[in-house]
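Structure, as structure tokens:
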Amino acid sequence: MRDIVLVHSPLVGPTSLAPTADALERGGLRCHLPVAYVAGGEPPSWRDWSERLIGALPPVDAPLIVGHSMGGLLAARLAGDLGAAGMICLDAAIPPETGETPTVEPAFRAFLDTLPLRDGRLPRWADWWDLDVFENIGIPADARAAAVRDMPRLPLRWFDDAFAMPDWSAARRGFVRTSLTFVEEARKAEAMGWPVVRLKGIHLHPMTAPAETAEAILACSAAMGLAPSIDPAP
């Protein structure tokens, strides 16, 4: 049985992927959701994040790495470091093949400069936007509170870091799009010959629709030639 490693974005925390991990495990799969730090603690630097994730994992042999959102860049790094059989971008930007890999693109870094700081730290990700990211998406109040608690207040300087992307060319690649935010990225992936699974959902789909997200991950991995497509329990 192939291990599946889910990598969450550093901006939102493991609660964003925990329901999908549970759905995969209920389907009889070995799924890991490593965390780089304890909520409320001090997050590691961008360049040290993947080492923390690896340290939190048990031994895995040629796993499938799935990176959500900003975690897609970390997933590619783990794919190279762990000799992964495959890597799936889950509503995430396509990682570079090599070279220095910053946290965000320059335009997004400029947006961060417009946000208010307190003690040199940014607000939580949910407070970056003029809209309520949890509005009308069916998340119970306790789950919403847990998700917000998971979100770190990162220092602005945290986003000025970069790591050297290792060689992850041996990993097969796939893309699962859950929201309209990554329409162009999904098209790029398809143009490169990656299997692409498209869902009509939102960016937080792994939290709000875990069974459907888990099924899409398995369908994508099957198209990559790595795993059978099975239906996780709802």
The chain - percent relative contact order, Cα under 8 Å, separation 6 or more: 25
Most fluctuating residue given options PRO19, PRO106, PRO210, as computed from a GNM of the chain linking Cα atoms under 10 Å: PRO106
Given 16 as the ceiling on other Cβ atoms within 10 Å, longest exposed-site-free region of the chain for chymotrypsin sites (Phe, Trp or Tyr not before Pro) in DSSP loops: 130-234
Segment 108-234: Rg to Rh, with Rh as the Kirkwood radius over Cα pairs: 1.02
Calculated Rg and Dmax of the chain using C-alpha coordinates, Å: 16.6, 49
Cβ charges +1 (Lys, Arg) and -1 (Asp, Glu), total dipole of segment 1-153, debye: 220
Cα Rg, Dmax, segment 13-72, angstrom units: 12.1, 34
Residue among VAL12, VAL35, VAL104 with the largest mean-square fluctuation in a Gaussian network model of the chain, springs linking Cα atoms under 10 Å: VAL104
Rounded to whole Hz, the Karplus (6.51, -1.76, 1.60) HN-Hα couplings of segment 30-44, x for glycine and proline: 8, 10, 10, 10, x, 10, 8, 6, 7, 3, x, x, 8, x, x
In segment 140-234, the trypsin sites (Lys or Arg not before Pro) that fall in loop regions by DSSP, at most 11 other Cβ within 10 Å: LYS200
For VAL176, distant residues with modelled amide H under 5 Å away: CYS89, LEU90, ASP91, VAL197
Karplus-derived HN-Hα couplings along segment 94-105 (A = 6.51, B = -1.76, C = 1.60, θ = phi - 60°), whole Hz, x at Gly and Pro: 6, x, x, 6, 7, x, 5, 10, x, 5, 9, 6
For segment 137-218, size of Cβ-based charge dipole, Lys and Arg +1, Asp and Glu -1, in debye: 140
Segment 84-161: C-alpha gyration tensor shape, a/c 1.5 cut-off, then a/b vs b/c: oblate
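Read-outs throughout are calculated quantities, based only on the coordinates presented, and are distinct from any laboratory measurement. This is a predicted model, so every value here is computed, not measured. Positions of Cβ are generated from backbone atoms using ideal geometry, with glycine treated the same way; all protein chains shown enter the neighbour counts.
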